[in-house]
Amino acid sequence: MKLLFLNPSYGEGFCKTARWFAKSRAREQRHPDYLCVALAVLERGGHACGFVDGAARNITREETASAVKDFGPDAIVINATTPSIYSDLDYTRICKEETKGDAFTIMVGPHVSAEPEDTLKKGEGFLDAVARREYDYTLKEFADAGNLKDLKGVSYIRGGQVTHNPDRPFIQDLDELPFPAWHHIDPGDYYAPAKRNPFLTVITGRGCEGRCSFCLMPQVMYGRSYRTRSPENILDELESDLRLFPSLKEIMFEDDTFTLKRYYRRLEEICRGMIDKKIKVSWACNARPDMLDASLLRLMRKSGCRMMCVGFESGDERILASIRKGISTETMRDFARLSRQAGISVHGCFVIGAPGETKDSIKNTARFAASLPIDTLQFSGLCPYPGTELYAWCRDNNYIVAKDWDEWVNPDGEQGTIVGFPGLSCEDMNRAINRSLCSFYLRPGYIFSQLYRVRSIYDIKARLKAVYNFIKS
C-alpha cells in the first residue's frame, strides 16, 4: 500500500513557536518523531511511504494538494492537534478531494484519541477513521489488510453510527521498533529557540509515571507507566543519527520525563555509553525538578548534557498539591542549585491557572521563579487538553471560556489562557503572565549573570534570540 503522512501547516500567523516561546507551554507540538517511527514500521513491512511536513516547512494548502496528487496515495495519515483541529479537518477534506475520494483518510494524535466521536462527526464525508493512542502497529495492520475489520485502536462511522473498536495494548518491547525514518525530513526545517540548531529529537521511552493532572501525552496517548528502550538500542540510534546528519548540533531526548528516579541506573548507562563510544554531541532533555543526585548530574554534563527543560509549574505549595506534582518547592530549590553547580542550564516551565489559583499564588510563583538559579523560563496559561483530568474538572465546573476548538488561539495565533475562575479572569492571568516574565528577565542581576555565563558562540546567539523573542512578545 502507498501511504502519505501529512503534518498539516498551521496556517499564516498560527502558533508562532519561536516568537511566543516565552509564553508557550509547548505541551502539544507537532514533532515528527512519533510519525517517523510509524513511517519506519510501515516501510519495514514493505509499504511505500511519503511524508509532507507542512507545519515545519509552512507549506500552503495549494502545495499540499499538489503533493497529494503527485504521490497518488492509497491512504493518507493526518496528524492533528486540539487548537488546529478545524484546519486539520480542512486539510483532510482537501486530501479526499484531490484523490477523488479514492484515498482512505485516517487521523492520529492526542486530540483524536481524546475526542474520536466529535472528530469523526465533524469530518463525516471525508474522514474515514481515527487511530487512537499508540498507532504504529494500528497503521501497519491496516495497510497489510486494507480494511478496518477487527482492527484494534480505531474508531469510524458505519451506518451513521460511530464505532469504537477495542483499545490496542501498548507496545511493551520498544526495542523491536525500527529507528525513525529520518530520511523523510531535513533537521534544518525544525527550529527551536532554546536548542542548538539543527537538532534532532530522540524518544528513549514512552509514557510517564508522574501523576500530574494536566499532562497530556501520558493520559491520552502513551500511558502512566514508563516503557523504556535499552541503553544499547539508544546508543545505536545516536550513532546512526549522527552518520545520517553529521552537522547535527544537538539531540533532544523528548521523553515526557527523561530523569525519573527509578531509572537512574539506565540514565547512567546511557551517559557512560556516550562517553565510551565518543558520541560527542550536545544534548538536552525533559526533566522533573526532583533529581538531587549530584554525581549523576555531573556525569550527565560530562556526557554532553547542556540543558534540561524542567516543569516546576508553581512556587505555591497549595497549587502544586492541586495538580498532584508531588514535589516541594524546597526540593525544587535544591535541584536548581545542584544543576547550576554541575554546569547544566535549566529552562523552567511555569503555569498560571491551576485549580485554586489566586492573585496571591501567582505572586508566590513569580517570586519563587525569580529566586531560582535558572537560565531561562516560560510562563503560560495552564491548558486543559481534552482527555486529561484537568480538562474534565474545568469542563464540569464551567471554567473553560473557549466554547469551540477554534477559540483556543487568539487572533494573533497565540495559544493563550482559555480558563477563567471566579475572581481571576483570563485577562487577569494573561496580564500576570506578562508581569511574571518581566519580573524575571528584567532583573539587573539576571542580565549580568547571563553575560557572565556565556561560554560559546551558541550561547551568544541563544541569548540574543531570547531577547528578540521577549521583546516581540
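The values are calculated or read from the model by the stated rules, or taken from the named source; none is laboratory data. As the structure is a prediction and not an experimental result, all values here were calculated from the model. Cβ coordinates were reconstructed from backbone atoms using ideal geometry, including for glycine residues, and neighbour counts include every protein chain displayed.
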field: Filtered residues of segment 267-305 (kept if assigned to a loop (DSSP other than H, G, I, E, B) and either without any contact (Cβ under 8 Å) to a residue 24 or more places away in the chain or surrounded by fewer than 22 Cβ atoms within 10 Å (Cβ to Cβ) (or both))
entry: K277, K278, I279, K280, V281, D290, L292, D293, G304
F350 vs. criteria within 23 Å of C208 (Cβ to Cβ), among the hydrophobic types (A, V, I, L, M, F, W, C) and outside any helix (DSSP H, G or I): yes
Filter result for R196 (touching a residue at least 12 places away in the same chain (Cβ under 8 Å), under 24 Å from A129 (Cα atoms) and in a loop (DSSP other than H, G, I, E, B)): no
message: It is to be established whether one or more residues within segment 210-233 are part of a helix (DSSP H, G or I), within 20 Å of K302 (Cβ to Cβ), among the β-branched types (V, I, T) and outside the structural domain of V37 (by TED's automatic domain parsing).
response: no
query: So is D459 within 26 Å of R340 (Cα to Cα), among the acidic types (D, E) and at pLDDT 85 or above or not?
result: no
message: Can you pull out every residue in segment 239-281 that is over 12 Å from L200 (Cα atoms) and of a type in the set (F, W, Y)?
response: F258, Y263, Y264
task: Determine which single condition E237 fails, assuming it passes every other condition in (1) touching a strand residue (DSSP E or B) at 6+ places or on another chain (Cβ under 6 Å); (2) in a helix (DSSP H, G or I); (3) among the charged types (D, E, K, R).
output: (1)
statement: Selection over segment 359-384 where residues are within 14 Å of I323 (Cα to Cα) and in contact with a Leu (Cβ under 9 Å, 6 or more places away or on another chain) yields a count of 3
task: Go through (1) surrounded by fewer than 15 Cβ atoms within 10 Å (Cβ to Cβ); (2) within 23 Å of E97 (Cα to Cα) one by one and return the number of the condition A131 breaks.
output: (1)
- request: For residues that are of a type in the set (G, A, S) and buried (at least 19 other Cβ atoms within 10 Å of the Cβ), scanning just segment 44-66, find the one that is farthest from F126 (Cα to Cα).
  value: A56
field: Those residues of segment 309-347 which are under 14 Å from G210 (Cβ atoms) and touching a Ser or Thr at 6+ places or on another chain (Cβ under 6 Å), in sequence order
entry: L320, I323, R324
statement: Of (1) within 15 Å of D375 (Cβ to Cβ); (2) in contact with a Gly (Cβ under 6 Å, 6 or more places away or on another chain), S322 fails just (1)
- prompt: Out of the residues in segment 135-159 that are farther than 23 Å from A40 by Cα and free of Cβ contacts under 8 Å to residues at least 24 places away in the same chain, which is farthest from the chain's Cα centre (by Cα)?
  reply: G159
message: Based on this model, can you work out whether L177 counts as modelled with pLDDT of 95 or more, among the hydrophobic types (A, V, I, L, M, F, W, C) and either surrounded by fewer than 18 Cβ atoms within 10 Å (Cβ to Cβ) or more than 30 Å from E232 (Cα to Cα) (or both)?
response: no
